[in-house]
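Every number in this text was worked out from the coordinates using simple rules, so none of it is lab data. Since the structure is predicted, the reported quantities are computational estimates derived from the model, not experimental observations. All Cβ positions, even for glycine, are placed from backbone atoms using ideal geometry, and neighbour counts span all protein chains on display.
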Amino acid sequence: MQHRKALLLLALLLSVGLVNAQAPSRSPDVIYVPTPQEVVDAMLKMADVKTGDVVYDLGSGDGRIPITAVEKFGARSAVGIDIDPQRIKDANANLAKSKAGDKVKFLNQDLFTTNISEASVVTLYLLDSLNEKLRPKLLSELKPGTRIVSHAFRMGDWQPEKSQTIDGRNIYFWTIPAKK
């Protein structure tokens, strides 16, 4: 009977998202530094986020980019991916206070192994080296025309199509090219 109660409790925790069975076992690649809201807004504007878009934020931290994409820019949905369970907890707390509802979800997963092919917009605030490591995944998984915006960091020799400085912070924009 005790074993059954433990299984029921685990099932309940999994269903409400308090425990994530897919939680990665490695530590984050970067320290968490939140993107200022004015930079979030500029990134989403640069990506031209609109009603039909599905936004993926890789390394989503406290969730401000996916929440803003839905609330302020009208994205159809948004997904935040972060390897740190504390960041997912913070993001879900911020989601609960927002008006984004079930259009936003946060996954405690490794951004290098999570399927991101559904995205029409991808946002990043990683390091140059991580962006470069991620580049082959972006080019192979994302559909042509998918827009990518990075806060502060570039992608090696892949030159951005646009760049902008907001309060001393750079953002960069790329589009996934047509497949050859």
Ala152: net charge of surrounding residues, Cβ under 10 Å, Lys/Arg +1, Asp/Glu -1, itself excluded? +1
Sequence-distant residues sharing a close amide H with Gly80 (under 5 Å, placed H): Asp57, Lys105, Phe106, Leu107
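Report the per residue volume, in Å³, of the convex hull enclosing the C-alpha atoms of region 62-152.
Convex hull of Cα atoms, per residue: 97 Å³.
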Got a sec to turn the phi values of region 40-57 into Karplus ³J(HN,Hα) couplings, 6.51 cos²θ - 1.76 cosθ + 1.60 with θ = phi - 60°, whole Hz, x for Gly and Pro? 4, 4, 5, 4, 5, 5, 4, 7, 6, 5, 9, 3, x, 6, 10, 9, 10, 10
Once the convex hull of the alpha carbons of region 22-175 is built, what does its volume come to per residue, in cubic angstrom? 102 Å³
For region 58-70, 3J(HN,Hα) per residue [Karplus equation, 6.51 cos²θ - 1.76 cosθ + 1.60, θ = phi - 60°, Hz, x = Gly/Pro]: 8, x, 6, x, 7, x, 5, 5, x, 5, 5, 4, 7
For labels at Ser129 and Arg76 in the simple 7 Å Cα→Cβ model, what's the distance in nm? 3.8 nm
Please work out how much length the chain gains when fully extended from Val33 to Lys180, using 0.36 nm per residue of separation minus the C-alpha to C-alpha distance, in nm with one decimal. 49.2 nm
For Lys137, give me every one of the lysines with a C-alpha distance below 23 angstrom, ignoring sequence neighbours fewer than eight places off in its own chain. Lys105, Lys162, Lys179, Lys180
Spelling out what I want: for every residue of region 169-180, take phi, set θ = phi - 60°, compute 6.51 cos²θ - 1.76 cosθ + 1.60 (Karplus), and round to whole Hz; glycine and proline get x. 10, 8, 10, 10, 10, 9, 10, 5, x, 4, 6, 8
What are the GluC sites (Glu not before Pro) within region 85-144 that DSSP puts in a loop, where the Cβ has at most 16 other Cβ atoms within 10 Å? Glu118
